1. Which members of the stretch 523-537 meet the condition of being surrounded by 17 or more Cβ atoms within 10 Å (Cβ to Cβ) and either in contact with a Ser or Thr (Cβ under 8 Å, 6 or more places away or on another chain) or closer than 20 Å to VAL594 by Cβ (or both)?
2. Within the stretch 409-417, does at least one residue satisfy the condition of being small (Gly, Ala, Ser), modelled with pLDDT of 95 or more and assigned to a strand (DSSP E or B)?
3. Please give the number of the condition ILE631 fails out of (1) without any contact (Cβ under 8 Å) to a residue 60 or more places away in the chain; (2) surrounded by fewer than 18 Cβ atoms within 10 Å (Cβ to Cβ).
4. Please work out if ASN67 is polar (S, T, N, Q), within 21 Å of ARG214 (Cβ to Cβ) and at pLDDT below 95.
5. What is the one condition in (1) closer than 30 Å to PRO119 by Cβ; (2) buried (at least 22 other Cβ atoms within 10 Å of the Cβ); (3) out of contact with any Phe, Trp or Tyr (no Cβ under 8 Å at 6 or more places or on another chain) that VAL679 does not satisfy?
6. May I ask you to list the residues in the stretch 117-136 that are of a type in the set (A, V, I, L, M, F, W, C) and over 20 Å from VAL78 (Cα atoms)?
7. Taking the stretch 28-58 only, how many residues are at pLDDT 90 or above, crowded, with 20+ Cβ neighbours inside 10 Å and among the polar types (S, T, N, Q)?
8. Does LYS61 satisfy the condition of being at pLDDT 95 or above and surrounded by fewer than 24 Cβ atoms within 10 Å (Cβ to Cβ)?
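The values are calculated or read from the model by the stated rules, or taken from the named source; none is laboratory data. Keep in mind that what you see is a predicted model, and the values were worked out from it rather than measured. Using ideal geometry, Cβ is built from the backbone for each residue, glycine included, and neighbour counts are taken over all protein chains shown.
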Amino acid sequence: MAFQKKTLILAMAATFVAPLAQAADETQTQEQAATQLQFSNQLNLSGAATPDVGDDAFKTKLVRLGNGVLITVFGDSVDSTKLVYDVKGDVDRPARDIFIRTCASSAADCSLEESWSEPENVSGTALLSSMNADWDGPETDGATRKPYYGDSDKPNISNGGSNIMVTWTDKYCDALAEGSTAAIDTDPTGTSQRSVAYLTRDNREVPFSCAMARYATVAADGSLTWGTATPVQLSTGARDAKQDVSKVNSLGKAVVTWQEDPLGLQLGSADGPGDGASGATASHGTDIWYTTTTNTVTKTDPDTGKAIAGKTAAFTNVARLTDNATSTASGNHNVIRNAAGVEVADDAIEGGQASATRANTALVGSTVVVAYEETKGSEGLAIGKFVRYHTYSYNTDPQTQSADAAFDKAGCIISNPLENARRVRFVAQTDDMMAQVNAVQGDVDSGLRMGIFWKEGQYDQGGPSDIMARVAIGGVDATDMVPAVDANCATSDYLTAEDLSNTPAYNLSSNTKAGTNNLTDTTETNNIENALAHRGAIVGNDLYVGYSYTTDWALATYTNLVNYDFWLRRYDGTTGEWTAPKNLSNLPTTDINVREPRFVKTPYSATAEDAYNPSAFVIAWGTQTNVASHIEDAEDLDIYYTRSFDKGVTMEPVVRVDNPNGNARYESQLRPTPNGETVYAVWNETDGTNTEAAFSVATTTDAVDGYDPYDDGSSGSSGSGGGCTLSDNAKFDPVLPAILASALAFLGFRRYRNQA
């Protein structure tokens, strides 16, 4: 074991002596399409044209309904005097609410401000407080508890037919006192909101969040009919809610999941690509919770497009999906207080051996599918996480079902139980969806119903990993997965779990650039490379999986000698074969990285004028300065777009939205029309002071020869496209080898513990 660890470190350290003036990766030669996207000038959805909204927009989302209505939701501040403490950003800022706007794209030009509805406040809690807390810390004004305002976390939106579901987590958790009919947790450990005081953040006290939801139907003119007049509060705030996900279908049936941490949101170490405090790191006893609706969200009058009164939904009981709260809290942890400011004793706080986080959820016909990552609960025998997987009937009350002894809360372990697996994502389709695609393409049904993929490797947290995948044939149960998983994969016992005989999943990213990928490669075949930010889509017999990839994790993390590009693979369900990885971003310099890629397929449409093209898709990626992470933080640059009409055989030239002020852009969202000819895009954009929710419409034009999207015109060579100065850290740093060696030795130690 010691020899293996030492060999790894020496192999990775050998890259130190590579030429420091190493050239950028050669651009991959690939056939280009004869057309390209052409974007309109951007529209500010949250700025001067909407004076009731602040200048602190974040997490802008976009959906497009089958009737052509575009819907955007975003968070923004409303009153600069109502301050809260942002744990993730470690900064005081105004509390935020969530806003929604609509545009009937089939009848109006959505690139014009007047085509959009006025912003409507969905959450309405930023001026309210359900709990006092010493959120600025005792060093500011003593241990003075003052109102903590209802700060809304990032909005999430799902749609099906004319129905939408908007969910978020909120610091205002007093909706029940106002007569809400929300299903609510009646767990005996407490039903009142609590708070956590962060010792390493000057003892700032922050209330727990509760899960919130609102649902509506949308008429063809973009008008909204809400199912409830105010948000529905799904949890109490007795545990800290985070990572909410919802799915709603055309009948209005919906499912919502979220996680609840009994010790409050954990700060994390930000070892991965994020900034920490995201919910990826959680306390023992953290469970995934869920609820469903009892009937359709609304019925719609087919003549008027308006909602019919009396047909709104109600949420069923909420319940735990997982089984991690097995004891009470113990050991050292931050102080937890109740709403009155009294410290809560450990025996009144939940605990356990494992924590479940970052669930993904789908509603596939009448089946709810949930996958998430969970710590191994090994009591120190191993580090890392499992990927677990559940399916259950939508039509069963969650509370009744979870109380049934036959309901297995353990969930099937689908990853390699001896490695560290996390960040699971999946895409699924129903029998009807397969039939719709095949009717257009003339294919036969291969049985492909799902693709599920995740990061996995021998290292803990932010270390090197590969993208692993399984497909599901004939259904979406764990027993339908290929390669197969152990029939006894649902176990909460670590010693039993480590002996599971899961067939190794497909390794999609091994030796991506070298072109020597073998789907049966282990994560140790090349344990220097790294893959992350995986995205995917399923369209009939085709499954697409894309990911960001670098040849050398250490060099990409601590230097700018190598970088991350975005690569794509396609699985053909009729042959069972994967295409070779294709580099879609082909960044011209290692001074920039791909960040937050997006892959969006065309939506199904039965109308002739939409001419549904299931072979089309659109891709976007952000860019960021590639800097030595131990020296400085990366800066967001711009967003780039490309498209294919033939399953990725040919790709259009990469383009971007004109950015005359060189503002930083990030977090894009895309929605194409069914034929793929028009693409709608939103993103967040900042000038360093104000942040806005931006929007643009792209139509199709002939490809422009010689166009370089990465050249911002500020110099004679390809630049960032964002007007920002790239890092100078490519120069030789004499302490770099020592830093790299230390970092790799630490990773080797974490890997050694994992294997031990």
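1. THR523, ASN526, ILE528, GLU529, ASN530, ALA531, LEU532, ALA533, HIS534, ARG535, GLY536, ALA537
2. no
3. It fails just one condition, (1).
4. So ASN67 fits the description; yes.
5. Here VAL679 clears every test but (3).
6. Our first condition is that a residue be of a type in the set (A, V, I, L, M, F, W, C); within the stretch 117-136, this holds for 122, 126-128, 131, 133, 135.
ALA133, the sole residue that qualifies.
7. 3
8. yes
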